[in-house]
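The values are calculated or read from the model by the stated rules, or taken from the named source; none is laboratory data. Source: prediction; values computed, not measured. Cβ atoms come from the backbone with ideal geometry, glycine included; neighbour counts cover every protein chain shown.
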Ligand SMILES: C[S@@+](CC[C@H](N)C(=O)[O-])C[C@H]1O[C@@H](n2cnc3c(N)ncnc32)[C@H](O)[C@@H]1O
């Protein structure tokens, strides 16, 4: 790849992922690109924190967008269409060549996302990025290329693979994360019993639309939390006024009990059933994905919950294949029950060897 041959043509797709998950991100991206009838090759370096599908022939972005839904990619924290790559950036002045290359794309942008891979090498560039981002933003605003008041325009990604190499690309806000590199800046609440409370907070922000968050996370609703101890997820629900039945043989932290909205029952999450249907089922039990997926599907098929957020723990090598197997298990159970549903799955920033799923009736 050298530079963009004409405005609006993309050279490939770059997906940012958790370092160590390149093989899964690559398998998924390649399958999605081939299903959308694009030809090209995927370039994958282990532990690099990103993968690239290089198109054999450049393609207009709206064509790519129409055929390939980047928002659906599970192992992608952030994804964009590549317009150009700049090599040998001079240490003293990276602004001038970048500014010129951005102008040469012929595009206008709604926002700038300065990014690096989420690796140790990438983190070394974070100080530079903090200084450089505002400088580039000012320069682009002066050039008339940055229009924050036009949210329909694509966002500009400037992804520094290293100090000398930057990838330029575009995505729509609806296709990717609102946060640069897909890393949410969430404050750890002092009273929360465990850091995994942030996982559920990120899941709400990432997997639900703003309207869904408003209508489904409000006081007066009910939830069941399977595998609740020490109570980070239950606490996250209770902090929104939702009444929770927390199922776990282990103890809950006093700060969870102190919410007054959480009832703790020592029981087995695979056999316990509520007397009345609940609004939310959440589940973070450490178990085989092939046991969790049918359990959640069963709660839906028998009308015990309206929506669910659950984790699939993936310690195995071929994680992408395992997720697809679970998707098929859920589909088989719900289709047999005549239930139309929406299933969104994401490898969240706060997820390690697992993915987080949101399931709701359509
Ligand atoms: C990762 S921890 C959950 C952390 C919790 N989400 C939080 O935010 O604090 C997994 C929990 O699942 C529970 N667990 C595993 N198998 C279970 C089962 N069959 N029934 C109920 N709980 C189970 C474990 O006792 C453990 O507390």
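Only one of the numbered conditions (1) in a loop (DSSP other than H, G, I, E, B); (2) away from the ligand (no atom under 15 Å from the Cβ) is not met by residue 214, and that is (1). For residue 176, state whether it is surrounded by 14 or more Cβ atoms within 10 Å (Cβ to Cβ) and either at pLDDT below 95 or within 16 Å of the ligand (Cβ to nearest atom) (or both). Yes. What do you reckon, is residue 91 closer than 29 Å to residue 138 by Cα, in contact (Cβ under 8 Å) with a residue 40 or more places away in the chain, surrounded by fewer than 18 Cβ atoms within 10 Å (Cβ to Cβ) and assigned by TED's automatic domain parsing to the domain that holds residue 161? So residue 91 passes the test. Take the residues in the stretch 283-303 that are out of contact with any helix residue (DSSP H, G or I) (no Cβ under 8 Å at 6 or more places or on another chain) and more than 10 Å from the ligand (Cβ to nearest atom); name whichever of them is farthest from residue 209 (Cα to Cα). So the residue we want is 288.
Within the stretch 261-273, which residues are out of contact with any helix residue (DSSP H, G or I) (no Cβ under 6 Å at 6 or more places or on another chain) and away from the ligand (no atom under 14 Å from the Cβ)? Matches in the stretch 261-273: 263 only. Answer yes or no: is there a residue in the stretch 202-211 that is modelled with pLDDT of 95 or more, within 22 Å of residue 180 (Cα to Cα), within 12 Å of the ligand (Cβ to nearest atom) and crowded, with 17+ Cβ neighbours inside 10 Å. Among the residues of the stretch 202-211, at least one is modelled with pLDDT of 95 or more, within 22 Å of residue 180 (Cα to Cα), within 12 Å of the ligand (Cβ to nearest atom) and crowded, with 17+ Cβ neighbours inside 10 Å, which makes the answer yes.
Please work out if residue 235 is surrounded by 13 or more Cβ atoms within 10 Å (Cβ to Cβ) and over 22 Å from residue 189 (Cα atoms). Lay out the reasoning, then the answer.
Details: surrounded by 13 or more Cβ atoms within 10 Å (Cβ to Cβ): yes; over 22 Å from residue 189 (Cα atoms): no.
Considered against the rule, which asks whether it is surrounded by 13 or more Cβ atoms within 10 Å (Cβ to Cβ) and over 22 Å from residue 189 (Cα atoms), residue 235 comes out as no.
Of the residues screened, residue 242 is not one that is closer than 24 Å to residue 188 by Cα, within 13 Å of the ligand (Cβ to nearest atom) and either loosely packed, with under 15 Cβ neighbours inside 10 Å or modelled with pLDDT of 95 or more (or both).
Report, by residue number, each residue of the stretch 201-214 that is under 16 Å from residue 359 (Cβ atoms) and out of contact with any helix residue (DSSP H, G or I) (no Cβ under 8 Å at 6 or more places or on another chain). Matches in the stretch 201-214: 203, 206, 207, 209, 212. Scanning the stretch 306-349 for residues that are in contact with a strand residue (DSSP E or B) (Cβ under 8 Å, 6 or more places away or on another chain) and within 16 Å of the ligand (Cβ to nearest atom) yields 308, 309, 310, 311, 312, 313, 314, 348. Just checking, does the stretch 245-252 include any residue being away from the ligand (no atom under 11 Å from the Cβ) and either over 21 Å from residue 322 (Cβ atoms) or in the same structural domain as residue 322 (by TED's automatic domain parsing) (or both)? Looking for residues that are away from the ligand (no atom under 11 Å from the Cβ) and either over 21 Å from residue 322 (Cβ atoms) or in the same structural domain as residue 322 (by TED's automatic domain parsing) (or both), one finds at least one in the stretch 245-252, hence yes.
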